[in-house]
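S.K.: The structure is given below, and queries will be raised subsequently.
Taken together, the values in this text are just the output of simple stated rules run on the coordinates, not laboratory data. This structure is a prediction, so every number in the text was calculated from the model and none was measured. We place every Cβ from the backbone using ideal geometry, glycine too, and count neighbours over all the protein chains shown.
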Amino acid sequence: MVYKVIILGSGAAGCTAALYAARANLKPLMIEGTQPGGQLTITSDVENYPGFPKGIQGPELMEKMKEQCVRFGTEVLQGDVTKIDFSKRPFTISLDEKKYQAETLIVTTGASAMWLGLESEKKLMGKGVTACATCDAFFFKGQDVFVVGGGDTAMEEATFLTKFARHVTVVHRRDTLRASKIMQKKAMENPKISFIWDSEIIEVLDVKQDKVTGVKIRNLKTNQVTEKKCDGLFMAIGHRPNTALFRGVLDLDEKGYIVTKPKSTVTNVPGVFAAGDVQDHYYRQAVTAAGTGCMAAIDAERFLHNQ
């Protein structure tokens, strides 16, 4: 069987693309990927998605999105794509031993936040540990938070957090920042931001209390370990787009994000479209991902119509 549309990924972009494709009677197949529901499934409270005045839990929002696209005829497959043959249409997608064919492909594989890799960090994710200031700063009104990182993202997040938090402490492994001079200046001149240099976080406290109460920090030059109290920990050490499958075929930018033509989701391969965080490293919000998912479905439908 050849599907008219196959969607890779099942976050906000994937589900919205599936919903629009299903409503256009294209009978799409959505392959969920390693993290069904995308990054929202590791977010506890979502308070900035339109239509939920009291907020909603991330996993519940994704469950509702999936339910909606299934209701209109989306077929959903669990699993991870291992290989794609882009050389001819229909494209052939390999999922373990099975193969699926698609006339068009919508890539919504997202991006993954980079973490420190600590057991305590993992256990407290969504309970004070987060990688998105825009999403979660509101929950830390009048509290003390830590930010890990030294690039533009870290300085942007730290500066944004000062609108809500009482104080923001930036922890960086070196004694100089990688951020652009203008971002550094902004952060350094902000009275609510302070810095801990040459240091790394080795543990997030307190797993027993099931919430962030502080961090253990090691100075990389002296090896001295200190404990600092805080209410939240923001990771700002970057995101990695999930684009390994597309290297050498789809045009990627220097950070590995899929390049799409302006004002569209069209990639350099006819019949392949990209939406959500896999092609957007600027906004990275559920609502913008959903918007580009809608665009991708419309682009795919028009492509099929014109064939």
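S.K.: Between PHE195 and residues 5 or more places away or on another chain, which pairs have amide H atoms under 5 Å apart, with H built 1.01 Å from N, and which residues are they?
M.R.: Counting only residues 5 or more places away or on other chains, the set is VAL170.
S.K.: Calculate the all-directions average of the projected area of the chain's alpha-carbon convex hull, and give it in nm².
M.R.: 17.3
S.K.: With just the Cα atoms defining each centre, how far is segment 159-238 from segment 1-49? Give it in Å.
M.R.: 35
S.K.: Could you give the size of the charge dipole of segment 115-235 about its Cα centre, using +1 on the Cβ of each K and R and -1 on the Cβ of each D and E, expressed in debye and rounded to the nearest 20?
M.R.: Magnitude of the dipole: close to 180 debye.
S.K.: For LEU95 and VAL259, what does the FRET efficiency come to when R0 = 30 Å and r is the distance between their Cβ atoms, rounded to the nearest 0.05?
M.R.: 0.70
S.K.: Okay, next question. What cysteines in the chain have no other cysteine with a beta carbon less than 4.7 Å from their beta carbon?
M.R.: Flagged as lacking a Cys partner: CYS15, CYS69, CYS230, CYS294.
S.K.: Assuming 0.890 mPa s and 25 °C, estimate D for segment 222-307 with Stokes-Einstein, Rh taken as the Kirkwood radius over Cα pairs, in µm²/s.
M.R.: Approximately 162 µm²/s, per Stokes-Einstein.
S.K.: Output needed: percent of Cα pairs per 5 Å distance bin for segment 215-262, bins running from 0 to the one holding the longest distance.
M.R.: 5, 14, 16, 11, 10, 8, 9, 12, 10, 5, 0
S.K.: Under the definition of Cα pairs under 8 Å and six or more residues apart, what whole-number percent is the relative contact order of the chain?
M.R.: 21
S.K.: For segment 235-307, run through the trypsin sites (Lys or Arg not before Pro) and keep only the ones in DSSP coil with at most 16 other Cβ atoms within 10 Å of their Cβ.
M.R.: Sites meeting the loop and neighbour criteria: ARG247, LYS255, LYS263.
S.K.: A further question follows. Report Rg(Cα)/(2.2 N^0.38 Å) for segment 1-72, keeping two decimals.
M.R.: 1.14
S.K.: Give, as ranges by residue number, the residues of segment 122-140 whose backbone N falls under 18 Å from the point 7 Å along Cα→Cβ of LYS64.
M.R.: Nothing falls inside the zone, counting backbone N under 18 Å.
S.K.: Further question on the same structure: Near the amide H of GLY126, under 5 Å away, which other amide H atoms are found, from residues 5 or more places off or on another chain, if H is placed in the peptide plane?
M.R.: none
S.K.: Report the charge-dipole magnitude of the chain in Debye, nearest 20, computed about the Cα centre from +1 at each Lys and Arg Cβ and -1 at each Asp and Glu Cβ.
M.R.: Rounded to the nearest 20 debye, it is 360 debye.
S.K.: Further question: In whole Å, what is the distance between the alpha-carbon centres of segment 115-134 and segment 267-289?
M.R.: That distance is 25 Å.
S.K.: Which percent, to the nearest 5, of DSSP beta bridges fully inside the chain are antiparallel?
M.R.: 45
S.K.: For LEU233, which sequence-distant residues (separation of 5 or more, or a different chain) have an amide H within less than 5 Å of its own amide H, given hydrogens modelled in the peptide plane?
M.R.: Result for LEU233 returns VAL129, THR130, PHE146.
S.K.: Based on the alpha-carbon gyration tensor of segment 115-235 and its eigenvalue square roots a ≥ b ≥ c, which shape applies: rounded if a/c is under 1.5, prolate if not and a/b is larger than b/c, or oblate?
M.R.: Oblate shape, in that a/c is at least 1.5 and b/c is the bigger or equal ratio.
S.K.: Can you work out the base-10 log of I(q)/I(0) for segment 35-81 at q = 0.14 1/Å, using the Debye formula on its C-alpha atoms alone?
M.R.: Listed by q, the Debye log ratios stand at -0.38.
S.K.: Let me check against my output: what whole-number percent is the relative contact order of segment 179-267, with C-alpha pairs under 8 Å and at least 6 apart?
M.R.: Computed over segment 179-267, the figure is 14 percent.
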